[in-house]
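Below: one structure, written as structure tokens.
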Amino acid sequence: MCKSRASVNASPPSKRGASSARSNTSASAPSLSNIKHYLPESPHIYPLSHLLPPSSSSSPSLLTPSSTWHSVLPGTDRRITVTPRKLRRPVTPAQLQLLLSVICRSHHSSIVSLVGASVSGNYVYLVYEFVKGATLSDCLRNRLNPGFTVLSSWMSRVQIASDVAHGLDYMHHCTGTGGGQSGFVHNHISSESVIVVEPSLNARICDFGAAELCGEVELEFGFGTEEAELASSCRSGDLILGNSIGSDRGNSSSNQKVLLGLDIDESELGKKTGHSANLDDVAKVSIGGGDRDQKVVLKRSKSRGVKLEGIRGYMAPEYVASGIPMQKSDVYAFGVVLLELLSGEEALRYVFDEANEGVYSRVSVVESARGAARGGTAGVRRWMDKRLKDSYPVDVAEKMMRLALECVGDDASKRPDMGHIAVLISKLYLESKNWAEKFSLPVDFSVSMAPR
């Protein structure tokens, strides 16, 4: 019986079977092309002329480096958003391709995906997918009509808090270069870097990977085969190779140092700085064979001048003191955004104080929240956004405010981790959803106005 079944299966198909197979193949062809359309593409390094908006008339000199614009990739109907950022260190196409190949692997529903980049002068132009919506800052604060907001319901604000928390949790714990680094750092979290998507009112985080590509944070690369080949194939015009320790690449002790972003070797670095220096002060790549760890480390320079890349009102105290962004700095900024969602206030604003000789006084949402928390539940209710019209669960709002205040604590070591924060906000979201279902208007009855 087994033989006969095998012989039947091994026999050639009939004409009817062949025709049905061809029909199935032809029917599946459009679906395969649709699937290919949604697959992530390889990161690209574009010429700047391909990214210019139509109004610039193909003239890069008309662009303002601090502005963000929308465009369409040539030869396609794909809309993109281009964000210029100033480079903290020189970068070559090979280095840019190496970084993009790592950053563009990460995809999350709460993060705007990076498509590619372009370098021109001292600026890198980051290419992101186009997302239809408005910034969280504009949604919370309508300058033409301060009493109006599209986020007038409690559930819309909790949804945004949950989206941003899970996006940052993914960024901190599910991304990275694989070289012992726990994950990426955003370094620019604010209500301006969060897009509220139309019409669902979900939130997505912008500028993902910008801090790494601009050289604001320290990176450690655990190279795969492709990245190792890319780094090792770069020459003096791209990456400066230092002395090799060990002559045999197959030997486990072999190691190569690579200086990223500076066209000087180790001795030149010592001459220019006036003191003994090595490549570990600036950058290091360990490239070997077999199962050895292969790393790139980009460290902060030894220069005395420190230029902070952050947004006033969102910068953590330790970042202001050291200039080195960390994941706990993102936690601090997220806490400020969470306080903005609850109160509707700006992170930092100046108000005219008539009582104090008509001067302007600075008001921080963090300080106002701390003052409200000292007043208990009554203080929290007075501090909450009046446009919510007291239509929210007070106990949940108070828990979320306490969580936000933990995030903006002065001691970075005592701030919660984004994974823990995402879990807590998910619980608060479920509590809010139960509250909304309990107090929602009934919809299973009808009213007839006809005469009886």
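The values are calculated or read from the model by the stated rules, or taken from the named source; none is laboratory data. Keep in mind the model is a prediction, meaning the values are calculated, not measured. Using ideal geometry, Cβ is built from the backbone for each residue, glycine included, and neighbour counts are taken over all protein chains shown. These accessible areas exclude ligands, DNA and RNA; they are computed on the full protein's heavy atoms, side chains included. Shrake-Rupley method; radii C 1.70, N 1.55, O 1.52, S 1.80 Å.
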With every protein chain left in place, what is the accessible area of Lys328 in Å² (1.4 Å probe, nearest 10)?
50 Å²
So if I take the centroid of the Cα atoms in the range 321-347 and the same for the range 394-441, what is the distance between those two points in Å?
15 Å
Using a 7 Å offset from the Cα along the Cα-to-Cβ direction at both Arg105 and Lys132, what is the distance between the two label points in nm, to one decimal?
3.3 nm
Of the peptides 315-325, 118-128, how do they stack up when ordered by the mean number of other Cβ atoms within 10 Å, highest first?
118-128, 315-325
Given an 8 Å cut-off on Cα distances and at least 6 residues of separation, report the relative contact order of the range 322-417 as a percent.
36 percent
To the nearest 10 square angstrom, how much accessible area does Lys399 have with a 1.4 angstrom probe?
100 Å²
Could you work out the relative contact order of the range 76-156? I mean the mean sequence separation of Cα pairs under 8 Å and 6+ apart, divided by the number of residues, in percent.
31 percent
In the range 337-416, carbon and sulfur make up what percent of the accessible area (probe 1.4 Å)?
46 percent
